[in-house]
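Novice: Before we start, here is the structure in question, set down as structure tokens.
Readers should treat all values here as calculations from the given coordinates under stated rules, not as data from a laboratory. Keep in mind it's a predicted model, so treat the numbers as computed, not measured. Cβ: placed from backbone, ideal geometry, glycine included. Neighbour counts: every protein chain shown.
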Amino acid sequence: MDPKTTSYILTISCRDTVGIVAAVSSFFAGRNIFISESTHYGDPETEKFFMRTMFQASSDATSFTALKQAFGEIAAKFGMIWDIVDATRKSRVLILVSKFDHCLNDLLYRYRIGALPIEIPAVVSNHPDLQRVVEWHGIPYYHLPVTKETKAEQEAKILEIIDRLHIDLTVLARYMQILSTDMCKALAWRAINIHHSFLPSFKGAKPYHQAHARGVKIIGATAHYVTSDLDEGPIIEQAVERVDHSQTAEEFVAIGRDIENIVLSRAVKFHVEGRVFPNGNRTVVFRR
């Protein structure tokens, strides 16, 4: 790639109709802009269209601004919800965690080796237990205890951190607190939770124990966006593992930890790479 160019990602959602792909392709071709990756989908049920396109263009700020302004004319024609972002910019992610550390450790490892294109400016916890491992990574650790009486105050502090550190995405990495309705609204489509169950089954507390009691043969984990409806937010990613009658509930939990790590890291990656699109109560995810 020319050193004076950079990669950008165009994301589009709008009412499905004829000519969208042609219009976008012609726009780039007419400007001699190289498309390196493009995926689109028209949902016949919702009649909505979704598109993600990666392209190379001049890294000059003035040229980029002019490009966005020009594309705005096409966007207006089709009534698009759209954005163009610098693909090389790393999203700023805040992690919320309690005492379970497996998802946190996995995210920190992937962050450290560059497997996740993110920055982690801070980790917030309602317990002090994981401060040492977080600070070993050179990341500030905020211990913000919470009780029923102090919940509003604690959440206000978290929102202040999010605003001050310019956080793009908040990840609940086994954060064992239910966010308030106001908090969920403030973080709409910008907060991902990992639930240790294959939703929509076994919501709430101890889902692996619920699954064991029901004699299931498959357990899983679900990463979803946070909403005020507990464990019912739009699903981003899921995975499963087979189990059988000989395994205990504790063995279910141990197997589940590995699944949770994989599912959460994938969901974060999909989100920060602009691969997830809201589609009512569901999502469209361009995995590749």
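Novice: Per Stokes-Einstein, at 25 °C and 0.890 mPa s, what whole-number D in µm² s⁻¹ belongs to the range 242-285, with the Kirkwood radius over Cα pairs as the hydrodynamic radius? It would help to have the intermediate numbers written out before the result.
Specialist: Working: Rh = 12.6 Å.
In µm²/s, the coefficient rounds to 195.
Novice: For Ser197, what residues show an amide H to amide H distance below 5 Å, using hydrogens built from the backbone and excluding near sequence neighbours?
Specialist: Hits under the 5 Å cutoff: Thr222.
Novice: While we're on this one: For the chain, modelled as a Gaussian network with Cα springs under 10 Å, which listed residue fluctuates most, Ala22, Ala239, Ala75?
Specialist: Ala22
Novice: Separate question: Mind ranking 107-114, 31-38 by how tightly packed they are, going by the mean number of other C-beta atoms within 10 angstrom, highest first? Intermediate results must be reported in sequence, preceding the final value.
Specialist: Numbers: 107-114: 16.0, 31-38: 13.0.
My ranking of the peptides, most packed first, is 107-114, 31-38.
Novice: Hey, another quick one. Given the convex hull over the Cα atoms of the chain, what projected area results after averaging over all orientations, in nm²?
Specialist: On the way: hull surface 68.5 nm².
Mean orientational projected area (the chain, Cα hull): 17.1 nm².
Novice: On a 0 to 90° scale, report how tilted helix 61-78 is relative to the longest principal axis of the chain, with both axes built from alpha carbons and the result rounded to the nearest 10.
Specialist: 90
Novice: Continuing with the same structure: Using alpha carbon coordinates only, what is the Rg to Rh ratio of the range 16-145, with Rh defined as the Kirkwood radius? Show your work: numbers first, answer last.
Specialist: Numbers: Rg = 20.6 Å, Rh = 18.2 Å.
Checking Rg against Rh, the ratio lands at 1.14.
Novice: Something else about it: Using each residue's phi in the range 169-184, evaluate 6.51 cos²θ - 1.76 cosθ + 1.60 at θ = phi - 60° and report the 3J(HN,Hα) Karplus result to the nearest Hz, with x for Gly and Pro.
Specialist: Each residue's phi maps through the Karplus curve to give 9, 10, 10, 8, 8, 6, 7, 8, 9, 8, 6, 5, 4, 4, 5, 4 Hz.
Novice: If you plug each phi of the range 96-103 into the Karplus form 6.51 cos²θ - 1.76 cosθ + 1.60 with θ = phi - 60°, what whole-Hz ³J(HN,Hα) values come out, in order, with x for Gly and Pro?
Specialist: Listing the rounded values in order: 9, 8, 10, 9, 5, 10, 5, 5 Hz.
Novice: Explain nothing, just the number: relative contact order of the chain, from Cα pairs under 8 Å at least 6 residues apart, as a whole percent. Could you put the intermediate results ahead of the total?
Specialist: Details: 507 pairs, mean separation 44.1, N = 288.
RCO, the chain: 15 percent.
Novice: In sequence order, what are the phi-derived ³J(HN,Hα) couplings for the range 212-225 according to the Karplus relation 6.51 cos²θ - 1.76 cosθ + 1.60 with θ = phi - 60°, rounded to whole Hz, with x for glycine and proline?
Specialist: After applying 6.51 cos²θ - 1.76 cosθ + 1.60, I find 5, 5, 8, x, 5, 10, 9, 10, x, 9, 9, 9, 9, 6 Hz.
Novice: Something else now. Let me have the 222 nm mean residue ellipticity of the chain computed from DSSP H runs of 4+ only, each contributing -39500 (n - 2.57), with the sum over all residues rounded to the nearest 500. Please list the in-between numbers first.
Specialist: Values: 8 runs with 98 residues, N = 288.
Mean residue ellipticity at 222 nm (helix-derived): -10500 deg cm²/dmol.
Novice: Moving on. Of the options Tyr208, Ser7, Ala152, report the single residue whose Cα projects farthest towards the positive end of the charge dipole of the chain (beta-carbon charges: Lys, Arg +1; Asp, Glu -1).
Specialist: So the residue furthest toward the plus end is Ser7.
Novice: Using amide H atoms built 1.01 Å from N in the peptide plane, name the residues 5+ places from Asp16, or on other chains, whose amide H lies under 5 Å from its own.
Specialist: So Asp16 has HN proximity to Lys48, Phe49.
Novice: Would you mind giving the three semi-axes, in whole Å and largest first, of the ellipsoid equivalent to the range 5-86 according to its Cα gyration tensor? Before the final figure, lay out the partial values.
Specialist: On the way: eigenvalues 100, 31, 24 Å².
Here the semi-axes work out to 22, 13, 11 Å.
Novice: Please list, in chain and number order, the residues 5+ apart from Leu172 or on another chain whose amide H is under 5 Å from its amide H, with Hs placed from the backbone.
Specialist: Answer set, sorted by chain and number: Leu96, Ile192, Asn193, Ile194.
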